[in-house]
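Chemist: After the structure tokens below, expect a handful of questions from me.
The values are calculated or read from the model by the stated rules, or taken from the named source; none is laboratory data. What you are looking at is a predicted structure, and each value in this text was computed from that prediction instead of being measured. Cβ placement follows ideal geometry from the backbone for every residue including glycine, while neighbour counts extend to all protein chains displayed.
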Amino acid sequence: MNHKGFLLGVTNRTKRVFDVNAKKQGKLLGASQDGYRSWITFLACICQDMASLPPFLIYRGKPRHVQDAQLTDFDPEHSSAFISTSETGWTSHELGKEWLVGVFDRFTKTKARNGRDYRLLITDGHSNYINMALLDWCDAHRIIVAVFPPHFTHRLQPLDISLFGPLSTSYINRLIQWTSKTQAPAGLSKREFWALFWSALEASFTPENIASGRRRTGLRPFDPDVVLSQISKSTDGHSDVENDLDDSMAFQEPTARELRRPVDHVVEQSALIQLRYSARRRSPKPAKRKLRWRHRRSRRLPRREPKGLYGKNG
């Protein structure tokens, strides 16, 4: 399971055939893009039987408020999807739980004897999918959650390796064709997004691409060496570079005494600060106030002359 974002109206760099004279004369225009910007998040999941679960789209808008005008081109007889909204277009704890219950559990339960067998959900460590409420629900419904190691989804996640790339390319090509054909002044809206997205999804989320992602990550057929060999190659190359740097800097390394000097200085300064702080704490404030009061009183009161032993002098 993984997610991908779409920014409406934005395309990537494209290759085109043009006239050299038009470029020299400055008549060559860039690819047309509208100024409309709205974020849509796509939650995707593929299964071990090479099938993909229905897409879960999160539109930007008022929470729990999907407009019918945005789904005019949606045909329930030929397509299946779950659509929700959030204020930013991003996923959240509530939407992650909604996907888990409404999509994953619903469409994988029949593959596990109506939930009697355990199911495995592999995802990244995103906080919207990994929280105690979600994990408790999974534990109660026989769902084992496995989390990819950090910074390794580009090697272990089949969606990132073989599916999201073709999906993005297919969607951008359709967006460019739609923009060139319609020249719509209002730009691409959420209403037109669904038709382009569904067409790109059907062209990219194929059994062949799913099988390729499984094979390139060593999941099916199970072969951990597919990933481990790539990691070992990158590690070996990095170690060679480090060895070269060590050889070139062998005579420039500081001595142990030179390294110890700044450490001793920091320790000494820290000890002085702690000593001053403890001295301030040990001196009681009431005693300070009493000494200050006595000092002020001695300055204010006039000096009295001593009286005689038997009273006033005659």
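Chemist: Restricting to segment 92-127, name every residue that is in contact (Cβ under 8 Å) with a residue 60 or more places away in the chain, among the charged types (D, E, K, R) and in contact with a Phe, Trp or Tyr (Cβ under 8 Å, 6 or more places away or on another chain).
Modeler: The one that is in contact (Cβ under 8 Å) with a residue 60 or more places away in the chain, among the charged types (D, E, K, R) and in contact with a Phe, Trp or Tyr (Cβ under 8 Å, 6 or more places away or on another chain): ASP124.
For every residue, the table says whether it meets (1) touching a residue at least 40 places away in the same chain (Cβ under 8 Å); (2) crowded, with 18+ Cβ neighbours inside 10 Å; (3) closer than 15 Å to MET1 by Cβ.
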position: ILE40; (1), (2), (3): yes, yes, no
position: LEU43; (1), (2), (3): yes, yes, yes
position: GLN48; (1), (2), (3): yes, no, yes
position: PRO54; (1), (2), (3): yes, no, yes
position: ILE58; (1), (2), (3): no, yes, yes
position: ASP68; (1), (2), (3): no, no, no
position: PRO76; (1), (2), (3): no, no, no
position: SER79; (1), (2), (3): yes, no, no
position: PHE82; (1), (2), (3): no, no, yes
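Chemist: From the residues in segment 150-193 that are without any contact (Cβ under 8 Å) to a residue 24 or more places away in the chain and hydrophobic (A, V, I, L, M, F, W, C), which one is surrounded by the fewest Cβ atoms within 10 Å (Cβ to Cβ)?
Modeler: Looking at the filtered set, the residue picked out is PHE152.
Chemist: Still on this structure, please answer the following. Would you confirm, using the coordinates I've provided, whether PRO207 is within 30 Å of SER229 (Cα to Cα), over 27 Å from the mean Cα position of the chain (by Cα) and of a type outside the set (Val, Ile, Thr)?
Modeler: Yes.
Chemist: How many residues does segment 107-152 hold that are in contact with a helix residue (DSSP H, G or I) (Cβ under 6 Å, 6 or more places away or on another chain), of a type in the set (Ser, Thr, Tyr) and within 22 Å of ARG216 (Cβ to Cβ)?
Modeler: Within segment 107-152, residues that are in contact with a helix residue (DSSP H, G or I) (Cβ under 6 Å, 6 or more places away or on another chain), of a type in the set (Ser, Thr, Tyr) and within 22 Å of ARG216 (Cβ to Cβ) number 0.
Chemist: Mind telling me which of the residues THR123, THR72 ends up being crowded, with 18+ Cβ neighbours inside 10 Å and polar (S, T, N, Q)?
Modeler: On the way: THR72 fails: crowded, with 18+ Cβ neighbours inside 10 Å.
Result of the check over THR123, THR72: THR123.
Chemist: Considering (1) touching a Leu at 6+ places or on another chain (Cβ under 9 Å); (2) assigned to a helix (DSSP H, G or I), say which one SER199 fails and leave the rest.
Modeler: (1)
Chemist: So GLN183 passes all but one of these: (1) of a type outside the set (Gly, Ala, Ser); (2) on the phi > 0 side of the Ramachandran plot; (3) at pLDDT 90 or above. Which condition number does it fail?
Modeler: It fails just one condition, (3).
Chemist: Then there is this: On the basis of being charged (D, E, K, R) and at positive phi, does ARG142 make the cut?
Modeler: So ARG142 fits the description; yes.
Chemist: Name the pairs: first residue in segment 138-149 and within 14 Å of GLY96 (Cβ to Cβ), second residue loosely packed, with under 13 Cβ neighbours inside 10 Å, Cβ to Cβ under 8 Å, at least 6 apart or on different chains?
Modeler: Once the first residue is within 14 Å of GLY96 (Cβ to Cβ) and sits in segment 138-149, its partners that are loosely packed, with under 13 Cβ neighbours inside 10 Å give CYS138/ILE144; ILE143/TYR118; ILE143/LEU120; VAL147/GLY125.
Chemist: So, in segment 194-225, of the ones that are among the basic types (Lys, Arg) and within 21 Å of THR169 (Cα to Cα), which residue ends up surrounded by the most Cβ atoms within 10 Å (Cβ to Cβ)?
Modeler: Among them, the one singled out is ARG214.
Chemist: Kindly state which strands (runs of 3 or more DSSP E) lie completely within segment 70-180 and contain at least 3 residues that are at pLDDT 95 or above and more than 22 Å from the chain's Cα centre (by Cα). Even if it seems obvious, please write down each step before you answer.
Modeler: Details: elements: 82-86, 119-123, 143-147.
Per the criteria, no element qualifies.
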